[in-house]
Amino acid sequence: MIRKTRLFTPGPTPLLPAAQFAMAAADIHHRTPEFRALYERVLSQLKIFVGTKNDVLLLASSGTGAMEASVSNLTSPGDRVLVLSAGKFGERWESLAKAFGCQVDLVSVPYGETFSLDAIKQAVRPETRAVFVQATESSTGVRHDIQAIAALLKSTGSDALLIVDAITGLGTTHLDVDGWGVDVIIGGSQKAVMIPPGLAYLSLSDRAWKAAETSKNPRYYFDLRKERKNAQKGESSYTPAVALIAALGAALDYIAAQGGGDLAAGRDALIDNAETCAAMTRAAVKALGLPLFAPTAPSAAATAILSPAGVDSGVIVKELKRRFAAIVTNGQGEMKGKIFRIAHIGLFDYMDTIAIIAALEQVAAASLNLPDFAFGKSLAAAQQVYAERTGQATAAKTSEPEMVHA
């Protein structure tokens, strides 16, 4: 049979065709009225997509550039900060904070777990300047409770800034940025907005902007004060990724269309879609007889699945690619060879989810020797979840077969 390559990775994610067309047509100079109009429109749309009244800035970088900018712009050498680490990207926060001279307090939990609020409360000090955390840790498939963490900081009277890497969280998790009191939130282009890597975006609260004025860390390309000043004129501080910004505008238009022209409604529909695909996948994996890696706090960005005992997860990753051109990801760091991850971010739908589950069944039948395996069990479990989440389950159970008369 022919093979059609499909990405099921938590970034880069499948590209939106309309965004690809927009990139191809983006032959404009960045210091022109045409580009300024595009740039201002996209920045305005991003505020709605993120769900904030605060300015949103765009940087020509990967999401890590915005992570670095949040450290360099909001801290000074010697500042005490708290890093909440539960995977590779939590570890990245720790490395960035240390690189800029911060004294790092660490709340660390094993891969696949999330944080105890008591442990966070004990780690927050009166002098803690910032708390760094992921909304979802895509290396492990875990979702962290940002609302509860924000409420905890408020309840302790802490002045610490809450800085959230939501690169895989935005578009897969409902986040009330302003209502909860998130001071910095970060996104990336190769995730839920369905365009190639190369853009990072972030918003800062008023408290964060005040901190930026007193920070003593060096910054040049990632000087957010300079970027904000230029953005107010419809420009970037340096050469922007013009084609990617055009693609982002097309993607945000597409998301708005999913909400009948309302971008906020479209964003919520995108999140609900990811939640449904993730729930279908979790049910299918359990029915197949494979354990979930993060059963207590699963994210909708990606589902992490433990490989059977004695089977390197890389075998499953390679077989899905070899037989079906389906690209899933192995574990990262200490979990390489132990888990594989199936993503649900952005342009994934019911049909994609059914396809990867069916492909996984074929690989399981050929290579995994699972007890009580039977074709269709995991697909049936996924179908049931879809029916329940879309309001079709009751009708499916109660409908009577139509009578056929001779």
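The values are calculated or read from the model by the stated rules, or taken from the named source; none is laboratory data. Just so it is clear, the structure is predicted and the values come from calculations on it, not from any experiment. Backbone-built Cβ (ideal geometry, glycine too); neighbour counts: all protein chains shown.
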With the structure loaded, tell me whether Gly261 is more than 20 Å from Ala302 (Cβ to Cβ), out of contact with any Ser or Thr (no Cβ under 7 Å at 6 or more places or on another chain) and either part of a helix (DSSP H, G or I) or hydrophobic (A, V, I, L, M, F, W, C) (or both) or whether it fails that test. no
Residue check, Ala294 under 21 Å from the mean Cα position of the chain (by Cα) and touching a residue at least 60 places away in the same chain (Cβ under 8 Å): yes
Condition first: in contact (Cβ under 8 Å) with a residue 40 or more places away in the chain, among the hydrophobic types (A, V, I, L, M, F, W, C), farther than 20 Å from Thr390 by Cα and not in a helix (DSSP H, G or I). Can you find one or more residues in the stretch 241-251 that meet it? yes
Of all residues in the stretch 352-371 being at pLDDT 95 or above and of a type outside the set (A, V, I, L, M, F, W, C), which is farthest from Leu306 (Cα to Cα)? Asp352
If we only count strands (runs of 3 or more DSSP E) wholly inside the stretch 1-116, which ones have 3 or more residues that are at pLDDT 95 or above and under 20 Å from Pro240 (Cβ atoms)? 56-59
If you check Val109, Val81, which single one turns out to be of a type in the set (A, V, I, L, M), farther than 29 Å from Met194 by Cα and surrounded by fewer than 20 Cβ atoms within 10 Å (Cβ to Cβ)? Val109
So, of the residues in the stretch 180-202 that are in contact with a Lys or Arg (Cβ under 9 Å, 6 or more places away or on another chain) and crowded, with 24+ Cβ neighbours inside 10 Å, which turns out to be farthest from Thr136 (Cα to Cα)? Asp183
Report every pair of residues separated by at least 6 positions or lying on different chains whose Cβ atoms are under 9 Å apart, first residue within the stretch 89-105 and more than 21 Å from Val142 (Cα to Cα), second acidic (Asp, Glu) and assigned to a helix (DSSP H, G or I). Leu96/Glu68; Ala99/Glu68; Phe100/Glu68; Val104/Glu94
Looking at the structure I just gave you, is Leu16 in contact (Cβ under 8 Å) with a residue 60 or more places away in the chain, over 29 Å from Ser139 (Cβ atoms) and surrounded by fewer than 23 Cβ atoms within 10 Å (Cβ to Cβ)? no
Test Gly171 against the criterion of being modelled with pLDDT of 95 or more and either under 17 Å from the mean Cα position of the chain (by Cα) or part of a loop (DSSP other than H, G, I, E, B) (or both), and give yes or no. yes
Within the stretch 55-63, does at least one residue satisfy the condition of being at negative phi, free of Cβ contacts under 8 Å to residues at least 40 places away in the same chain, among the hydroxyl-bearing types (Ser, Thr, Tyr) and out of contact with any Leu (no Cβ under 6 Å at 6 or more places or on another chain)? no
